[in-house]
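Input: a single structure, listed below in structure tokens.
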Amino acid sequence: MSFLGIYGTTFLVILGLMILLWLVSLLLKNSSIVDIFWGTGFVISGWVYFALTPDGFLARKLLLMILTTIWGLRLSLYILYRNWGKEEDFRYQVWRKEAGAAWWWRSFFKVFLLQGILMWIISAPLLAAQIRSTPDRLTVLDFLGVVVWAIGFFFEAVGDLQLARFKSNPANKGKVMDRGVWRFTRHPNYFGDSAQWWGYYLIAASAGGWWTVFGPIIMTLFLLRVSGVTLLEKTMSTRPGYKEYAESTSAFIPWFPRKKK
């Protein structure tokens, strides 16, 4: 199959999964389940690409899919743990209230179909890295991709773990998390997520998929401007101590804390 043929087939797989997920969300009256599926959706997409590219270089395919599976399943399990027993995310509650009785069908287009399309577009490097049989060896770009991925995974996984422990202590309620990796970036999880996708892209570039750069760019912009940094900054800006934290700590790319004035 051609790149477009495999890419189109995977879109149908993602669409089917999103329809099923949407139907489950109607039963549960909770659109937040789409967030739990986000990482797993990429894992499924990646393995579909793996199955449909039998002529690709096996070592690169396995390397990519091991990294993707670790990232995607860890993210889904963490969000499942974080959301378990809680109400629907406030973003979806606002949209549900605004849409009223029409939310049941609007939610499919505004939440599930939209995220499915984003998932499909962003996943392009996962296919580009697996479809070609050349070069039939791992290159410097492959190893550089692993290094970038590992840095990203460290910041995302450790950041999530440290924040979960911080929130589990009742004494920290209302306080700002400014310890561990959170000393170097206000959003280690979002930075880590972005870095891992740039790692996947480097592996794809090693196989000639340099043109799929739109994948990590869209993911990074999405994390920075849509559902990640910008939205959370608005929510946190009124919390006591956050202004001082923001003044001394990098917003996204990790760096040493600035001295307080």
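The values are calculated or read from the model by the stated rules, or taken from the named source; none is laboratory data. No experiment lies behind these values; they were computed from the predicted model shown. Quick reminder, even Gly has a Cβ in these numbers, built from the backbone with ideal geometry, and neighbours come from all protein chains shown. Areas reflect the complete protein model, heavy atoms only, side chains present, ligands, DNA and RNA absent. Shrake-Rupley method; radii C 1.70, N 1.55, O 1.52, S 1.80 Å.
Peptides 61-73, 174-186 ranked from most to least packed give 61-73, 174-186, packing being the mean of other C-beta atoms within 10 angstrom over each peptide's residues.
Exposure check, 1.4 Å probe, all protein chains in place: Phe57 carries approximately 40 Å² of accessible surface. Working from Cα pairs under 8 Å separated by at least six residues, relative contact order for region 48-200 is 34 percent.
Computed with a 1.4 Å probe over protein heavy atoms only, the accessible area of Leu232 comes to about 60 Å². Per residue, the chain reaches -21500 deg cm²/dmol at 222 nm when only DSSP H runs of four or more residues are counted, each adding -39500 (n - 2.57). Assuming charge only on the beta carbon of Lys and Arg (+1) and of Asp and Glu (-1), the dipole of the chain about its Cα centre is about 1040 debye to the nearest 20.
How do Glu233, Glu156, Glu247 rank by accessible surface area computed with a 1.4 Å probe, from largest to smallest?
Heavy-atom accessible area, descending, gives Glu247, Glu233, Glu156.
The heavy atoms of Glu87 present about 150 square angstrom of accessible area, all protein chains included, probe 1.4 Å. Computed with the Debye formula from one identical point scatterer per Cα of region 157-207, without solvent, the log10 of I(q)/I(0) at q = 0.12, 0.21, 0.27 Å⁻¹ comes to -0.36, -0.74, -0.99.
Surface composition of region 128-261: carbon plus sulfur atoms contribute 66% of the solvent-accessible area (1.4 Å probe, protein chains only, all chains present). Based on protein heavy atoms only, the chain ends up with 52 Å² per residue of surface accessible to a 1.4 Å probe. Annotation: amide H of Ser32 within the under-5 Å range of Asp89, sequence separation 5 or more or interchain, hydrogens built in the peptide plane. Counting only Cα atoms, the size of region 12-127 along its three principal axes is 51, 27, 19 Å, in decreasing order. Which log10 I(q)/I(0) values, to two decimals, does the chain give at q = 0.11, 0.17 Å⁻¹ under the Debye formula with one point per Cα? Computed log10 I(q)/I(0) values: -0.66, -1.34.
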